[in-house]
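Trainee: First the structure, then my questions, so here it is.
The values are calculated or read from the model by the stated rules, or taken from the named source; none is laboratory data. None of these values were measured; they are calculated from a predicted model. Methodologically, a virtual Cβ is constructed for each residue, glycine included, from the backbone with ideal geometry; neighbour enumeration extends over all protein chains shown.
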Amino acid sequence: MEKRITTPLTDEVVKSLRAGDKVLITGYIYTARDAAHKRMVEAIQRGEKPPIDLKGQIIYYVGPTPPKPGQVIGSAGPTTAIRMDKYVEPLLKLGLKGMIGKGYRSPQVKELLKKYKAVYFAAVGGVATLLQKHIKSSELIAYEDLGTEAIRRLYVEDFPVIVANDAFGGDVFEEGRKKYAKIDV
């Protein structure tokens, strides 16, 4: 069974999600990768506001390719999440509630998710065309000079993800390893 959620996320929604849950997201999410994260965190450290209000938001770790004629967006598959780990806490402090990427997170980020009541969703890599079909609009928000790594505001409908790390310390990667470690081959 899939859970349907809408953005912006509330603490109640985040608390209802558990590692392993299949989730369909509808609403606005933001894109940002390494370069945009670095700029946002540097701005925060200077006492400036980031270019987006992070309260209740989800950031998708993606650098979509330019759209072909008739497309809203080009290929939009997730990038490896652990590369953003060093930037997570300042964004969570400002109210970020969710992140979407590929792969596992560091133990430090998993602790921060518990501390700030946030969630990390995994999107399946290698299915960028499938994910692209759930993106209904794309608007450039900030850092246009970063090209595909600029911050964009996407409107998504039933965007498929899995809760990889929940706000209680649940970790789908660890739980999966434990489950299959018990199987004799």
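Trainee: Which of the residues that make up segment 41-86 are part of a helix (DSSP H, G or I) and closer than 19 Å to residue 141 by Cα?
Mentor: Scanning segment 41-86 gives 41, 42, 43, 44.
Trainee: When you go through (1) hydrophobic (A, V, I, L, M, F, W, C); (2) touching a residue at least 40 places away in the same chain (Cβ under 8 Å); (3) out of contact with any Gly (no Cβ under 9 Å at 6 or more places or on another chain) one by one for residue 25, which number turns out not to apply?
Mentor: All conditions pass for residue 25, except number (3).
Trainee: Working carefully through the options 15, 3, 38, find the one that is at pLDDT 95 or above, over 17 Å from residue 101 (Cα atoms) and in a helix (DSSP H, G or I). Outline the logic, then answer.
Mentor: Working: 3 fails: in a helix (DSSP H, G or I); 38 fails: over 17 Å from residue 101 (Cα atoms).
Going through 15, 3, 38 in turn, the sole match is 15.
Trainee: Let me ask something else. Can you name the residue in segment 94-108 that is over 13 Å from the mean Cα position of the chain (by Cα) and touching a residue at least 40 places away in the same chain (Cβ under 8 Å) and, of all such residues, is nearest to residue 56 (Cα to Cα)?
Mentor: 95
Trainee: Here is a list of conditions, (1) farther than 20 Å from residue 166 by Cα; (2) surrounded by fewer than 19 Cβ atoms within 10 Å (Cβ to Cβ); (3) of a type in the set (Gly, Ala, Ser); (4) touching a residue at least 60 places away in the same chain (Cβ under 8 Å), and residue 36 meets all of them except one; can you say which number that is?
Mentor: Residue 36 satisfies all of (1) farther than 20 Å from residue 166 by Cα; (2) surrounded by fewer than 19 Cβ atoms within 10 Å (Cβ to Cβ); (3) of a type in the set (Gly, Ala, Ser); (4) touching a residue at least 60 places away in the same chain (Cβ under 8 Å) except (2).
Trainee: Any chance segment 115-127 includes a residue that's more than 17 Å from the chain's Cα centre (by Cα), modelled with pLDDT of 95 or more and of a type in the set (Gly, Ala, Ser)?
Mentor: Just the residues of segment 115-127 that are more than 17 Å from the chain's Cα centre (by Cα), to begin with: 115.
From what is left, the residues that are modelled with pLDDT of 95 or more are 115.
Remaining after also requiring of a type in the set (Gly, Ala, Ser): none.
No, segment 115-127 contains no residue that is more than 17 Å from the chain's Cα centre (by Cα), modelled with pLDDT of 95 or more and of a type in the set (Gly, Ala, Ser).
Trainee: Here's something else I'd like to know. Output the residue which, of all residues in segment 73-90 that are over 19 Å from residue 146 (Cα atoms) and among the β-branched types (Val, Ile, Thr), is surrounded by the most Cβ atoms within 10 Å (Cβ to Cβ).
Mentor: Here the answer is 88.
Trainee: Which of the numbered conditions does residue 176 fail, given that it passes all the others? Conditions: (1) assigned to a helix (DSSP H, G or I); (2) at pLDDT below 95; (3) in contact with a strand residue (DSSP E or B) (Cβ under 8 Å, 6 or more places away or on another chain).
Mentor: Condition (3) is where residue 176 drops out.
Trainee: Sticking with this one: Can you name the residue in segment 39-72 that is more than 15 Å from residue 120 (Cα to Cα) and of a type in the set (S, T, N, Q) and, of all such residues, is surrounded by the fewest Cβ atoms within 10 Å (Cβ to Cβ)?
Mentor: By that ranking, first place goes to 45.
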